[in-house]
Ligand code: XIL
């Protein structure tokens, strides 16, 4: 096939991108979006600070805009993210203990209920593990409410939207390392105890400090063997030319080699759309032209 989405669909997968609501009126942007991609993740519009700017007062305008534009182009939506230490509204940052725990479950219930039936999968919990070799949870206000906050978040999301796939999502977990093994152990425990989890997202933010490694396929496969789907959820790779193209190719091939790796999402369309634009990490240049990385990804699908 001649587009990312159609090529991924040929093996039962999707190819998605992060989308910013305020860019949907840019015709270069929306032309590429609607030609190439069949899944979208709101880049910021469904985060806690965007959806609940003051406590128990919800704001869905930008998220709804992304959902309705996706539906009208036969694209599915990955919801992102219900519970996360970052991009919390100020009022939540200042809460702790049972007040924060109830605010979290109230938030999850409201957002997942608002979007019920419209979301393919939710990143229920994002980035809850620490970097480095400790294998520990990341310290955060949510973690301070008790170690069970993650499973409570998943059970709350399941109750609100039983049809949505529920994912745990993190970065620097793409290869086999102490952090990914800690996530693996949590998912294994959840499966054993019946905590509802359907999928694990691997963000896939790569640069020279955290390069694409050869053990990504093996890592995806060990998670899949636990009985969850796996996805690359926020792929971007710093670089240019052949080196960048080769890296994209190897990530796509790693996913295609794992039956339960059912989708890949890049974190933006043009390099200029990227949260780290100076890394030129995406598949289209600032003018919207296909880069070598695009051709490599398409050829690998
Ligand atoms: C980033 C967005 O791309 C930026 O626009 C925003 O300023 C900060 O967040 N991991 C995630 C994403 O899960 O939500 C982050 O997105 C990038 C890192």
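A quick yes/no check of all residues on (1) more than 30 Å from residue 210 (Cα to Cα); (2) surrounded by 19 or more Cβ atoms within 10 Å (Cβ to Cβ); (3) without any contact (Cβ under 8 Å) to a residue 12 or more places away in the chain:
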| residue | (1), (2), (3) |
| --- | --- |
| 65 | yes, no, no |
| 68 | yes, no, yes |
| 123 | no, yes, no |
| 127 | no, yes, no |
Mind checking which residues of the stretch 148-177 are in a loop (DSSP other than H, G, I, E, B) and either within 16 Å of the ligand (Cβ to nearest atom) or in contact with a strand residue (DSSP E or B) (Cβ under 7 Å, 6 or more places away or on another chain) (or both)? 164, 171, 172, 173, 174
Mind checking which pairs have a first residue in the stretch 270-296 that is more than 12 Å from residue 237 (Cβ to Cβ) and touching a residue at least 60 places away in the same chain (Cβ under 8 Å) and a second that is assigned to a loop (DSSP other than H, G, I, E, B) and within 13 Å of the ligand (Cβ to nearest atom), Cβ under 6 Å, 6 or more apart or different chains? 284/269
Per the filter on the stretch 60-84, residues in a loop (DSSP other than H, G, I, E, B), out of contact with any strand residue (DSSP E or B) (no Cβ under 8 Å at 6 or more places or on another chain) and over 24 Å from residue 127 (Cβ atoms) are 73, 74
Qualifying residues in the stretch 37-59 (those that are in a loop (DSSP other than H, G, I, E, B) and more than 19 Å from the chain's Cα centre (by Cα)) - the one farthest from the ligand (Cβ to nearest atom): 56
Quick one: in the stretch 21-36, which of the residues that are within 16 Å of the ligand (Cβ to nearest atom) and crowded, with 18+ Cβ neighbours inside 10 Å is farthest from residue 104 (Cα to Cα)? 29
Matching residues, the stretch 116-127, being in contact with a strand residue (DSSP E or B) (Cβ under 6 Å, 6 or more places away or on another chain) and part of a loop (DSSP other than H, G, I, E, B): 119, 120, 127
Exclusive hit being within 16 Å of the ligand (Cβ to nearest atom) and closer than 22 Å to residue 14 by Cβ, set 81, 70: 81
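Coordinate-derived values only; no laboratory data. Because the structure is a prediction, the values reported are computed rather than measured. Every residue, glycine among them, receives a Cβ derived from its backbone with ideal geometry; neighbour counts consider all protein chains shown.
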